[in-house]
Each structure stands twice: as structure tokens, then as C-alpha cells.
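I have placed the structure first, in the form of C-alpha cells, so that the comments after it can refer back to it.
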Amino acid sequence: MLYYIFKTFGLLFAQNTLLTIFLCYSLSNYAQQKIVLQDNSNPIHLDFEPKNSLLQVFYKKELVFNTQIGLLIDGEMPFKETTLKKIVKNTLTQITTFSVPTKYRKQSETYKVAELDYGAYVLELRLYPKKVAYRFRISMGNRKVKVLNEQMDMDFVAGSQVEFPEEESIYSHYERYYKTSAIKSLKTGSFCSLPVLFTSQKGVHVWFSEADLYDYPGMFLKADNGILKSMFAKVPLLIMDKNDRDEEIQTTHSYIAETSGNRSLPWRVFVLTNDDKDLLSQMPILELSREGTDHMDWVRPGKVAWDWYNANNVYGVDFKSGINTETYKHYIDFASKYQLEYIILDEGWSKTTTEIDIPIAEVDIKELVSYADKKGVGLILWMLWKPLSKDIDGLLSLYKKWGIKGVKVDFMQRSDQKMVNFYENVAKVAAKNKLIVDFHGAFKPSGLRRAYPNILSYEGLKGAENNKWSLEVSPKHNLTLPFIRMLAGPMDYTPGSLRNAHLVKNKNKGSKNNFHISFYRPMAQGTRAHQLAMYVVYESPLQMLCDSPTHYLKEPTITNFISKIPTIWDETHVLEAKFKSYLVVAKRHGDLWYVGGMSALEQKTVTIDFSFLPKGTYSLEMIQDGVNSNSYAEDYKKLTREINNESKILVIMNRDGGFVMAITKKQ
């Protein structure tokens, strides 16, 4: 058995440009020395001690955390018995182009890299302006190896705290609320999913997750006497069916992965900053994940009229609403009227949840596809992962023959090696059939969509659907997600509620007033403008309109505004941000600019400086909190004016409020 350290070398982006400066060492005594990556212009630097396998990360010359790292592979020599043969240091410039951009169309970063070569094992360390990363690579020949464990023991400086998405089971939808806790006070044995955010006593944030996750389980972090240790699901051995969507793993193998002996393992990625705005400007996962060979120019991002959230409740029509052809034609008519790209047929369209090749008699798929095609609208089908996994090729090719444009795959709730491979298999076969994919009931994005741009969104968060049964999707929660979960990738939060209310709790009885739970007629906390701003702030190339078409058709001003907001972005500027409190971002799509602001405070006043605009005269259209939105959350006002890049506008966000601006250049 081997505890060893190791590297993945080589950049996996076909469109990257590399400028390289080499510093190469071949010293037998290097195991006794520290390897240092630093840059005078970068507040971050890292040290690695080969003798102890210890990585130390500093911010402005002060230690933030250290972590002992290693790898345990069955049948191999222990790492400490291996010899460090050489170290290569490089300075590289990476230029990356994204085919389905959520923040930037193109990005350039210069970083420093050190590669520690142990022969069969290499450890690669990288230092970027805002982040550090490391990964292992094994070179053990053309055979399968069994990874028993990958070690990462994180020890933060005293006084550090964590936003802890605590899990109850390793079998999880990754839908957790973030609990603020001192790291040292975490109960031993408690564990969390990724991504996760740490903050030192001096205000240095450390965001952590993983990238380039293939044929390997997702990582969790487990508390152990004030230290956070890596934890992984082992490869399932005996699996029993529980119901249509759940399985019970009764026994497992002793290893976490059985995989190729020649490969790279996932990147371990840390974003470090003392400025909250940086948490909204980084794209660490896609930058460090491999690119595919097919850029999939056929992929069509867009917005979706969604049925399940609003329980197919349409009214004022001359047919009985429900899961039937007439109701879905109504959704198609609505989508066509506002040029929405898709509608979803969520749970209920198929004969049973396991017979997903047979529609119910009330839903004529052939007729709906024909009707939607004439109106320029695509159909997406919801399905459980279990029946899909039994015949991925057959089912997805069938949906293509039907004329379906995408699939929403739900209830995976695992991230062991087998399930991680299921995601790639779905993405690969869907791409072959030119189907887009939305992973619901899913683990967090971990870089797969870099190779498969037909993956447009992931859930893996507490989104709007929780309004149907919970009080916890609060404006504060809404202002937490962009700083933690969104760094990993797209969020299928499903915004767009037009039933907006404030939560008022009776101190004596704990009862609720104004906002209340309703499964079939859900509402959302915060103002109407708070909800609309999500279409600019929240990143998802497939973005839902969750409310009933009836409500949208009654609110043409709001619906027309939402319908024109893009779902992909070429450029992003973070104008203001405070974690859990407020944010303002400006984004560009082609020649169009949008600005979105959200707040979880009683009131927040911001000054929008339009210096990010190119020279010229622009028309601005804005929806913001109405004067009475503190008491009636649906109150909003719309205004228009002319601006240029020297203009400044004062905007007041009321209680749990927001605003959204559309900016077009005048000819």
C-alpha cells in the first residue's frame, strides 16, 4: 500500500495559450526543503514541505490554513519510501474561451506552477492571483488501480469560522442551508458537502471545492477535533431498490475508486480573498476542468416555462387544467408569446415514473412537439435517474425521435464513483442526440460541463421549490448562495415568483403572517424587484419562470422585462457586494447591458456608477422597489432615462429588496 503524493500535468484546454518560463531542479535533498510559490504582486503564497506532505497557504504573509495531503493506493509502496526525483517550476499564461459563458466569454490568467516528480506519482501545485490549487497524477501503467483513500486534513488558524452545509447522510441531494460555526466548535463526526466557505478572524475568505471530477467520487469534509478531513463514499457493492427513485447501498468495497493507472485526479481548489466582491467574479471550476473536443454549437441556452412549481394551475381558460395536452399547449402559447425557448413537462407526463418511454393517455407528445415546433418552442422532459440508467442510449435516442430538445434528470442524490460516471454517460449520450441536460437532485457542478456544454444547469442547492414547504428560503439565504454555491457553477434555483411577501413572525407564538407556506400556490420571500434581479444575478444558461402562465399574462410589464434578459453573459463587473447582505452586478450580453441588485437588509442605498459602459448614449429601463414594498412586497415601479458612462444613479433597495436595469445603446 502507498501513501503518496502525486500530480496531474498538462493543461486540458484546447483553446489555451501558454507562455512558459522553466526552472528545473533535480536534487536528492529536496525532500528536506520547502517548495515555495509566490509573486510579489500576489497577496497569496504557498509553501509545500515534501518531508511532511504539508501544504501551507498564506495571505499577506500570514498563515491562513495548512493541510496534509496524500493518496493511498492498494498494492503500492508507501509515499515516504519513494524518492522525489525533480521539481519543475513554470510561469504560465492561460487564455480560456467558454462556449456557453455564464460570467465571461474569455478569460486570461497568469499563474505559477510547481511539479514534484516522484516517478510514478507527481504532485502539481498552482498559484493564481485569487486562488491556489493542487492535484495528483498517477503513472502506474495500463491497468486498473484501487484508490483506498485520498487524504486532505485542513487545519485553520485560531478564530476561523465556516459556512457549514452540514449533511445528515453521504447520500445527499446537496440541498443544505449554510450554518455559521467556529471551526473548532464543530462536533467531531459532523460532515458537509462542497462547496464550502471559511473565513479567518482577520476576514480572509477561503472558498473550497473540486474541479475536473471524472471516474472518482465527490469529496466531503468531516470534522475531527477542530480539523476538517476529506471523506468519500466507497464504491457500492450490493445495492437494493427501495422505490422508484431511491436505492439502498447495503455493502461497499473497501476502496473509493477503481480507475485507470494512468490519469489525473480531481483538482482541489481554494479561492482566497479579503474582498467579498471577488467571490462573485471567479470561475475556478471551469478554468481547471478539461475541455471536450466538440463545442456543440447546436446548444441553445434559454428560459423555460416550468409547470411543477405552480402545480399546472392555470385559470381563466376554457379547458380543465392539469397534466394534459390542452394545458401544455397553453404553456407553449405563453412561451411563444414571450419568446421563451422551452417548456418542461415535469413529473406526471409518463405512464409511471419508471415507464418513461410511454406517455399517459392525456398527454399527446407527438401533437405537442408538432405544435411547439411551429411556435419555435422546445420541449424538455423530466425523468428519474433510475429508469434512465437502465437504458440511457435507447431512451435518449427515443426522445430525439419524438422531437424532444432536452431532459431534466432528477433524484440522483449520490456522488460515489458509479454515480459520477452516470452523469458523464448521460451528458455524452445526450450530446450524441443533441439534447440539453438539466441535472436536478444533483451534486454540485464539478467541471463536467466544460467538456459537455449541453449540460446547462444543476440544482444542488435549496432553491425556490422549498417555498412550497419551508420558511427557510429567506432573502438572507438568497444573498448567501451567490457567494458560495454559485462559484461552483450554474444554479437551477428556479426564480420568477410573482407572489411576493415578507415573513413576519409572532414573537410569542412563532406564527407566520403575510408570507405563508402553500404547496399548490407557493409564494416567495422578498420584494418583486428582489425576485426579478435573480435573472441577472443568478447564473444558469437554462433559467426557469416558475410561476403560472396565468400570473405572467396578467403582468405584461414584468413578464416582458424578464423574457428579454439573456441567460448567458460575455462580461461581468461586480460593483458592490457584502456577504449575506447585498450585491450589485453589471453584465453584458453582446451589446446589451444589465445591472441587478439584491438586498437582505431593512434598507440599502447604492450609487450605480456607469463607467463600465463604453462611450455613447444609452437608454436605461429599470424596475425597482415601489414606495410601499416594505408592507406590500409586490409593489414596484418602472422608470426610464438616458445615461452615458459618466452617469451615476442613486438606487434605494427597500426591505429584502432589489432592482434590475436593462441598458441599450442609442443609435
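The values are calculated or read from the model by the stated rules, or taken from the named source; none is laboratory data. All values reported here derive from a predicted model rather than from experimental measurement. Here the Cβ is made from the backbone with ideal geometry for all residues, glycine too, and neighbour counts use every protein chain on show. Keep in mind that these areas ignore ligands, DNA and RNA; they rest on the heavy atoms of the full protein, side chains included. Shrake-Rupley method; radii C 1.70, N 1.55, O 1.52, S 1.80 Å.
Worth pointing out:
- Helix 365-374 and the longest principal axis of the Cα set of the chain meet at an angle near 80°.
- Backbone phi angles across segment 457-466, fed through the Karplus curve with coefficients 6.51, -1.76 and 1.60 (θ = phi - 60°), yield HN-Hα couplings of 7, 9, 7, x, 6, 7, x, 5, 4, 5 Hz in residue order; Gly and Pro are listed as x.
- Among Lys86, Lys366, the sequence by solvent-accessible area, most first, with a 1.4 Å probe is Lys366, Lys86.
- Cα gyration tensor shape for segment 32-141, rounded if a/c is under 1.5, else prolate or oblate: oblate
- Here the chain exposes an accessible surface that is 47 percent carbon and sulfur, computed with a 1.4 Å probe and the other protein chains kept in place.
- Percentage of interatomic Cα-Cα distances in the chain larger than 34 Å: 45
- Taking amide H as placed 1.01 Å from N in the peptide plane, Gly378 has its amide H under 5 Å from the amide H of Tyr342, Ile343, each at least 5 places away in sequence or on another chain.
- Cα extents of segment 248-364 along the three principal axes, largest first (Å): 60, 45, 31
- Here the scattering of segment 403-530 is modelled by Debye summation over its C-alpha atoms, one equal scatterer each and no solvent; at q = 0.13, 0.18, 0.20, 0.22 Å⁻¹ the log10 of I(q)/I(0) is -0.64, -0.98, -1.11, -1.23.
- Cα→Cβ-extended label distance, 7 Å offset, between Glu168 and Ile652, nm: 4.4
- Distant alpha-carbon pairs in segment 365-440 (separation over 15 angstrom), percent: 53
- Taking the Cα atoms of segment 282-440, the ratio Rg/Rh between the radius of gyration and the Kirkwood radius comes to 0.98.
- What the chain shows is 38 Å² of accessible area per residue, with the surface traced by a 1.4 Å probe over protein heavy atoms.
- Exposure rank, largest accessible area first [Asp224, Asp318; 1.4 Å]: Asp318, Asp224
- Long-range HN-HN contacts of Gln151 with modeled amide H, under 5 Å: Gly70, Leu71, Leu72
- Computed with every protein chain present, the accessible area of Asp47 is close to 10 Å² [probe 1.4 Å].
- Prolate/oblate/rounded label for segment 155-301 (Cα gyration tensor, a/c 1.5): oblate
- Area accessible to solvent at His551, 1.4 Å probe radius, in Å²: 40
- Modelled FRET efficiency - R0 56 Å, Asp74 with Asp39, Cβ distances, 0.05 increments: 0.90
- When the Cα gyration tensor is reduced to axis lengths a ≥ b ≥ c, the ratio a/c is 1.5 or higher for segment 251-299, and with a/b not above b/c it is classed as oblate.
- Share antiparallel - DSSP beta bridges, the chain, percent rounded to 5: 85
- Highest mean packing first, where packing is the average number of other Cβ atoms within 10 Å per residue, the peptides 99-108, 190-199 line up as 190-199, 99-108.
- Mean residue ellipticity, 222 nm, helices only, the chain: the sum of -39500 (n - 2.57) across DSSP H runs of n ≥ 4, divided by residue count and rounded to 500, is -4000 deg cm²/dmol.
- Segment 197-255: mean projected area of Cα convex hull, nm²: 6.6
- Centroid-to-centroid, using Cα positions, segment 115-163 and segment 391-460 are 28 Å apart.
- Of the GluC sites (Glu not before Pro) found in segment 626-656, the ones in coil according to DSSP and having at most 13 other Cβ atoms within 10 Å of their Cβ are Glu646.
- Looking at segment 143-190, the GluC sites (Glu not before Pro) that sit in a DSSP loop and have at most 13 other Cβ atoms within 10 Å of their own Cβ are Glu168.
- For segment 390-395, backbone phi angles converted through the Karplus equation (6.51, -1.76, 1.60; θ = phi - 60°) give residue-by-residue couplings of 6, 7, 4, 4, x, 5 Hz, Gly and Pro being listed as x.
- Rolling a 1.4 Å probe over the protein chains gives Glu341 an accessible area of about 40 Å².
- Distance histogram for segment 272-324 (every C-alpha pair counted, 10 angstrom bins, percent rounded to whole numbers): 16, 20, 20, 23, 17, 3
- When only alpha carbons of segment 472-607 are considered, Rg and Dmax amount to 15.4, 54 Å.
- Largest to smallest accessible area among Arg655, Arg521 [probe 1.4 Å]: Arg521, Arg655
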